[in-house]
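Just so you know, all these numbers are worked out from the coordinates, no wet-lab data involved. Not measured: the values here are computed from a predicted model. Using ideal geometry, Cβ is built from the backbone for each residue, glycine included, and neighbour counts are taken over all protein chains shown.
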Amino acid sequence: MRLIDLEPKTEAFLADAETSLAESPPRLHSKHLYDEAGSDLFDAITRVPEYYLTRVERSIFETYLPEMADAVGAGARVVEFGAGLGDKTRHLIEALHDPAEVVLIDISKEALIRGATGLESTFEGLDVTAICADYDEQITLDASAHRSVVFFPGSTLGNFTQSAAIEFLGRQARLAGPGGGLILGVDLVKDLPTLIAAYDDAAGVTAAFNLNLLTRLVEAGGQAEPTHFKHESRWNPVHDRIEMHLVATEPTSLKVGATTLQLEAGDSLLTEHCHKYTPARLDAILTQAGWTRARTWTDADAKFAVIWATA
Ligand code: AVI
């Protein structure tokens, strides 16, 4: 395994919170949801009945992997954002026709090394490169005779604003180069009760995931009273997205560095965007980023889509 460390800057939570809580509306950024407790809670979210995304995407892969492998073609170089530990990566590599190389990109060196060594031991002879970098980095790969295919499953694109999604996919089009490909998992616009429940499950796992941000803030030295907040998932019809909020249930204050924020009952902190796509909005983003959608695989209820696009 070859490790390339681009030494991404991990932005300190408190410094970032000090700035984002002073914005209007006040925010805590979703990238901070994933400390150790948050990552475990997200794992638990993927198993609650209301959170259909992981289950449905998996079923699409199970059904259409042979078609995806034919679209990708033989001897591809697969480039995955995220540590590649999951079943999705393993199943994709298994299904592909004679894959040449896998390049894993992740901000966490530990997760990256775990993912890369796991893949290497599962697929003997597979060339594995691990790059420690964040999603904002323009990665350049060695020239290769192999077609590069970017793999970005799991609806993670949905957590980017529309402009950030275009920038990210544009960087991946440059990375893949002309003739390169993209396998992208995205969640689709659907009825409101299904969407709201997916982000506000009855067992309260998503609520715990969201509220964990405040616990983290206190542990890191900020001042906040987590019991003065409740979790809420809201639909924003202008941007076709679920927004996760932490809503004050009584007058309360937060203090982080030089920022003091006074909240009345009902005021909220925005913590995450989860965009849902229509084919038209997705195509607009892909086109602006330099991609053309060539195939779309979806489930019987058209809840989720995995798309194949070419650069
Ligand atoms: C990681 N990401 C794709 C999840 C989503 O559905 O947007 C994060 C999440 N937030 C609450 N539940 C799940």
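May I ask for the distance between the Cα centers of the stretch 111-135 and the stretch 1-28, given as a whole number of Å?
Comparing the Cα centres of the stretch 111-135 and the stretch 1-28, I get a distance of 25 Å.
Only bridges with both residues in the chain count here: give the DSSP antiparallel percent, nearest 5.
Among the beta bridges of the chain, antiparallel pairing accounts for roughly 60 percent.
Evaluate the relative contact order of the chain (contact order divided by residue number), counting alpha-carbon pairs under 8 angstrom at least 6 apart; express in whole percent.
So the answer I get is 23 percent.
Check Val79: other-chain or 5+ apart residues with amide H under 5 Å from its amide H, H built from backbone geometry?
The list, which skips near neighbours in sequence, is Val103, Val149, Val150, Phe151.
Within the stretch 1-98, report the trypsin sites (Lys or Arg not before Pro) that DSSP leaves as loop and that have at most 13 other Cβ atoms within 10 Å.
Answer in residue order: Lys9, Arg47.
Considering every pair of different Cα atoms, what Kirkwood radius, in Å, is found for the stretch 22-77?
14.7
Compute the long axis of helix 162-176 from its Cα atoms, compare it with the longest principal axis of the Cα atoms of the chain, and write down the angle in degrees, 0 to 90, nearest 10.
20
What is the projected area of the convex hull of the Cα atoms of the chain, averaged over all directions, in nm²?
Computed as one quarter of the Cα hull surface, the answer is 15.5 nm².
What ranking of Met244, Met1 emerges when the number of other C-beta atoms within 10 Å of each C-beta is taken as an exposure proxy, fewest first?
Met1, Met244
So, with +1 on the Cβ of K and R and -1 on the Cβ of D and E, and no other charges, what is the size of the charge dipole of the stretch 235-311 about its Cα centre, to the nearest 20 debye?
Its charge dipole is roughly 400 debye.
Can you list which of the GluC sites (Glu not before Pro) found in the stretch 120-189 are DSSP loop residues with at most 15 other C-beta atoms within 10 Å?
Qualifying residues, ordered by number: Glu124, Glu137.
Could you list Asp200, Asp142, Asp43, Asp283 in order of exposure, starting from the residue whose Cβ has the fewest other Cβ atoms within 10 Å?
So the ranking, lowest neighbour count to highest, is Asp142, Asp43, Asp283, Asp200.
In percent, what relative contact order does the stretch 197-294 have, based on Cα pairs under 8 Å that are 6 or more apart in sequence?
Once normalised by length, the contact order is 21 percent.
Please report the base-10 log of the normalised intensity I(q)/I(0) for the stretch 146-284, using a Debye sum with one equal scatterer per alpha carbon and no solvent, at each q in 0.10 (1/Å).
Values returned for q = 0.10 Å⁻¹ are -0.45.
Output needed: percent of Cα pairs per 5 Å distance bin for the stretch 1-105, bins running from 0 to the one holding the longest distance.
Whole-percent P(r) values from 0 Å outward: 2, 9, 14, 15, 15, 14, 15, 8, 5, 2, 0.
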